[in-house]
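One structure below.
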Amino acid sequence: MTEQTIEINLSNNKKEKPNPDQLSFGKVFTDHMFTVSYSEGKGWHEPKVTPYQPITLDPASMVFHYGQTVFEGLKAYLANDGRILLFRPKKNLERLNLSNQRLCIPTIDEELVLSGLKKLLEVDKEWIPNAPGTSLYIRPFIIPTEAFLGVAPSNHYQFMIILSPVGSYYKEGINPVKIYVEDQYVRAVSGGTGKAKTGGNYAASLKAQEGATSRGFSQVLWLDGVEKKYIEEVGSMNIFFKINGEVVTPALNESILEGVTRNSVLQLLKYWEIPVSERKISIEEVFESYSKGLVEEAFGTGTAAVISPVGELSWRGENIVINNGETGTIAKKLYDTLTGIQKGDVTDYFDWTISVDVK
Ligand SMILES: *Cc1c(COP(=O)(O)O)cnc(C)c1O
């Protein structure tokens, strides 16, 4: 592919930056965005950085009707030495194209997206917070923009990246959460779109999440969509258990989203020579192992929280408290190591971080 020039059009109306102590998640956006258009015949074209602004679409635009969308989520960190660090961005771009393939969206040049992201970060670098635990959340996404009500892949798309400064996920250190094992609704099924980061999966999850919240739980544990027997994910995170000395996570399948954090956790555990396996694990096995005193830890993994310990699980009216409701040793070590690497404070054994050169 020939290299495309990224046009840059700077905002002359800069917004006020939020107080770093009051950052929440995904409510405040920076001054610029990066966009690339797609039309049949032309392919992906007109990459540009422009002022952050509303977009105008025809009400018949396909994005409003049948959910042919994909998105990604990653973070940029400001290191203490002033470098801007991205954590394994190529994994996210690879996954974006896997999602595209599943949703019949034309794949996009990963190098072009990475260059656009770097340009955008350069322009909005003052928005990257540097207080402990804070970062700049990066949301790339694609919407179909053709005005057509037929159920078919769109012939026009818009790729965009927007940025949002986010606060520490945990206000007072990492906190174990209460999880409801969902045995009525499912998130994804084999043959469906669970493996892709596409909007419909999250729309499908809201009902169960609403039920869990109303019962006093923070998230649901998803079981497989066929037998409702095997564990798949927790909320929109991957899940790990430590049972009888071994760390176990569900093996990837058609309905599990492969997290970059999950992949990084597996590599770290292997590096530390902690026994780990990817296999099918049933909810029954967890409760049975618990009754034998063998469940040592449980935690979710994902970009937003990095590591989210599970303190309590409730399944069919039975509640189990894991590790006395406290953060486990492995969860803590993983959290400290991953956030340390991301922020440039811990040796990056695996060359995971990419530094964005700012002129
Ligand atoms: C994004 C996501 C994850 C976590 O992926 P990371 O790359 O680690 O952030 C896990 N499960 C679901 C359903 C997700 O959408």
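The values are calculated or read from the model by the stated rules, or taken from the named source; none is laboratory data. Every value quoted in this text rests on a predicted model; they were computed, and no experiment measured them. Using ideal geometry, Cβ is built from the backbone for each residue, glycine included, and neighbour counts are taken over all protein chains shown. Quick note on the areas: whole protein, heavy atoms, side chains included, nothing else; ligands and nucleic acids left out. Shrake-Rupley method; radii C 1.70, N 1.55, O 1.52, S 1.80 Å.
For this structure, a couple of remarks:
- For segment 41-80, a residue qualifies if it is within 17 Å of Pro140 (Cα to Cα), assigned to a strand (DSSP E or B) and not charged (D, E, K, R), and the qualifying residues are Trp44, His45, Pro47, Val49, Thr50, Pro51, Val70, Phe71, Leu74, Ala76, Tyr77.
- Qualifying residue in segment 287-307 (condition: on the phi > 0 side of the Ramachandran plot, more than 16 Å from the ligand (Cβ to nearest atom), of a type in the set (Asp, Glu) and out of contact with any Leu (no Cβ under 8 Å at 6 or more places or on another chain)): no
- Residue satisfying all of: in segment 1-32; of a type in the set (Val, Ile, Thr) and loosely packed, with under 13 Cβ neighbours inside 10 Å; nearest to Leu74 (Cα to Cα) among these: Thr5
- Qualifying residue in segment 279-289 (condition: assigned to a strand (DSSP E or B), more than 24 Å from Phe87 (Cα to Cα) and open to solvent by 20 Å² or more (accessible area, probe 1.4 Å)): yes
- Test: residue in segment 167-178 that is more than 18 Å from the chain's Cα centre (by Cα) and within 14 Å of the ligand (Cβ to nearest atom): no
- Within segment 226-245, residues that are assigned by TED's automatic domain parsing to the domain that holds Leu257 reach partners that are near the ligand (Cβ under 9 Å from one of its atoms) and open to solvent by 70 Å² or more (accessible area, probe 1.4 Å) with beta carbons closer than 8 Å, at six or more positions or on different chains, in the pairs Asn238/Glu258.
- Single match in Arg102, Arg95 (criterion: open to solvent by 50 Å² or more (accessible area, probe 1.4 Å), modelled with pLDDT of 95 or more and within 16 Å of the ligand (Cβ to nearest atom)): Arg102
- Where Asp183 falls short, out of the listed (1) crowded, with 21+ Cβ neighbours inside 10 Å; (2) away from the ligand (no atom under 14 Å from the Cβ): (1)
- Selection status of Val358, away from the ligand (no atom under 16 Å from the Cβ), modelled with pLDDT under 95 and more than 18 Å from the chain's Cα centre (by Cα): yes
- In segment 292-326, of all residues being without any contact (Cβ under 8 Å) to a residue 24 or more places away in the chain and in a strand (DSSP E or B), the one that is surrounded by the most Cβ atoms within 10 Å (Cβ to Cβ) corresponds to Val321.
- For segment 253-276, filtering for residues that are within 28 Å of Phe71 (Cα to Cα) and either among the charged types (D, E, K, R) or within 11 Å of the ligand (Cβ to nearest atom) (or both) leaves 12.
- The residues listed here are Tyr185, Tyr157, Tyr169; of these, the one that is without any contact (Cβ under 8 Å) to a residue 60 or more places away in the chain and touching a strand residue (DSSP E or B) at 6+ places or on another chain (Cβ under 9 Å) is Tyr185.
- Hey, Leu85 part of a strand (DSSP E or B) and not basic (Lys, Arg) or not: yes
- Filtered residues of segment 214-228 (kept if surrounded by fewer than 19 Cβ atoms within 10 Å (Cβ to Cβ) and either closer than 14 Å to Gly194 by Cβ or aromatic (Phe, Trp, Tyr) (or both)): Val226
- Residue list for segment 199-241, filter: more than 9 Å from the ligand (Cβ to nearest atom), polar (S, T, N, Q) and over 23 Å from Val295 (Cα atoms): Gln209, Thr213, Ser214
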